[in-house]
Amino acid sequence: MKIKRDNFKKDNIISGQEEGVDRVMSSGLILAGVGLAAVGFGARYLVRNQALIKKGLEALPGGVFEKYHRGGFEPKMTRREAAMILGLPATAKPNRIKEAHKRIMIVNHPDRGGSPYLASKINEAKDLLESSKS
């Protein structure tokens, strides 16, 4: 009888381990099924309401990024471009030019991870605006 009890204990240990594996596998399958159902319902919503969604997207303001200048720098910097770089009007006073230069250089300084090219353009813009004011 002793042999039968040992076999019984071994069978329970093995079956207990298999039950844990079955639970993990079944929960993974349930999660996959729920995920597929969510994707299906979402796709059905998009297909049914496509016209409404399109109207909503067209109603959004188109000029979200219009305040940013498109394109690169001009070969020879102009006063207009220098003022745009510093975020000032072309007729800004010298103290405002210095403040704007300091504010922008703190963010874009090469020693703090900024671009050396942009830093040189910012310095060139400051020099151009200050030289024309003198």
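The values are calculated or read from the model by the stated rules, or taken from the named source; none is laboratory data. None of these values were measured; they are calculated from a predicted model. Reconstructed Cβ throughout: ideal geometry from the backbone, glycine too, with neighbour counts over all protein chains shown.
Of the candidates S15, S26, the single residue that is among the polar types (S, T, N, Q), at pLDDT 55 or above and in a helix (DSSP H, G or I) is S26.
Rundown of residues vs (1) in contact with a strand residue (DSSP E or B) (Cβ under 9 Å, 6 or more places away or on another chain); (2) among the β-branched types (V, I, T); (3) surrounded by fewer than 14 Cβ atoms within 10 Å (Cβ to Cβ); (4) at pLDDT 90 or above, yes/no style:
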{"site": "A92", "(1), (2), (3), (4)": "no, no, no, no"}
{"site": "A100", "(1), (2), (3), (4)": "no, no, no, yes"}
{"site": "I106", "(1), (2), (3), (4)": "no, yes, yes, yes"}
{"site": "D111", "(1), (2), (3), (4)": "no, no, yes, yes"}
{"site": "A119", "(1), (2), (3), (4)": "no, no, no, yes"}
{"site": "I122", "(1), (2), (3), (4)": "no, yes, no, yes"}
{"site": "K133", "(1), (2), (3), (4)": "no, no, yes, no"}
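Among A59, A43, which is modelled with pLDDT of 70 or more and surrounded by 10 or more Cβ atoms within 10 Å (Cβ to Cβ)? Of A59, A43, the one residue that is modelled with pLDDT of 70 or more and surrounded by 10 or more Cβ atoms within 10 Å (Cβ to Cβ) is A43.
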